[in-house]
Amino acid sequence: MKIKIGFRIGKLTVEAPTKQRKNGYTVWKCNCDCGGTIFLDTRCLQRGKITDCGCISKTRPGQKDITGMRFGKLVAVEPTDIRDGGTVVWRCRCDCGKEILTSLHQLCSGYRKSCGCLSHPPIKNFVGKRFGRLVVLAYAGKRGGMHRWRCRCDCGKETVVGQTLLQTGKTKSCGCLQSEVYQENLKLVDGTSVAILEAYKEKKNRNNTSGYTGVYWDKKKEKWVAQIGFKRKNYYLGAYCDKQDAIRARRQGEEMHDNFLEWYYEKYPRTIKE
């Protein structure tokens, strides 16, 4: 497709070439029917992905369009003029019906998969059901964002177990399935040090530039960066202009530590500190 003066696509009409080049392609001045102006290179015009100056389409030239794409329970609706750590903030609709604003980075990295409703799962009817050596007796309420069930183990002992732990099979007994020797000596699980996580919860290390573990000032980006380590992996939680935003991201990431310790204490009850 040859691009020349007068070429028309959508609401755009090519007015004239400019002296600018983009990746070796001529950049053209284009007029929109609304009266606006936009500059596009030959390849962009040939592909026909941009058909107006931005008066109708929501995404701008060079901006990744994720409209309609699904990320967990979220579907991207449209971009906003808000920026978070240099990335576009999108308005998304959750399967539960709620709408939220979240950054492109959080969506693409898999860090954000719902409006928050995934952390508040619906209660199940587990009374009378068996999970390994456990038989559910009654609902024990909700704590730490997780529904709890009172269960009786085949050994005769009763224990309270989180609903998710029963569903996933991570907890199958009151702890009697695990040998006492293993329980006493266990220090590392799935590459994660239980002792370090316990020490962190008791007294958080504040020997850094932010005063909060996992949050530091990046001189190159000139932003506050949040990160967290878990199971021998380091997770990047984003870069923020406001330190408090970075701290909030870190605190949200620490939920994986809390869930891990919660599972560990329920699986190995004798290791809980008095």
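Side notes on the structure shown:
- Placed amide H near Y235: partners under 5 Å, 5+ positions off or other chain: I228, G229, F230
- Mean projected area (nm²) of the alpha-carbon convex hull when the range 70-119 is viewed from all directions: 3.1
- Above-threshold pairs, the threshold being 32 Å between Cα atoms, out of K49/K73; K29/K113; K113/K220; K29/K220; K64/K124; K64/K221: K29/K113; K29/K220; K64/K124
- For M69, the residues 5 or more places off, or on other chains, whose built amide H falls under 5 Å of its own are A76.
- Square roots of 5 times each gyration tensor eigenvalue, C-alpha, the range 8-47, largest first, Å: 18, 11, 7
- Taking R232, R148, R91 and counting other C-beta atoms within 10 Å, the order from fewest to most: R232, R91, R148
- 3J(HN,Hα) along the range 34-47, derived from phi through the Karplus expression 6.51 cos²θ - 1.76 cosθ + 1.60 where θ = phi - 60°, amounts to 7, x, x, 10, 9, 10, 10, 7, 4, 5, 5, 5, 5, 6 Hz, with x in place of Gly and Pro.
- For the range 220-252 versus the range 78-140, the spacing of their alpha-carbon centroids is 20 Å.
- In terms of overall dimensions, the C-alpha atoms belonging to the range 124-173 reach 28, 19, 17 Å along their principal axes, ordered largest to smallest.
Every number here is computed from the coordinates shown, using simple stated rules; none is lab data. Since the structure is predicted, the reported quantities are computational estimates derived from the model, not experimental observations. Cβ: placed from backbone, ideal geometry, glycine included. Neighbour counts: every protein chain shown.
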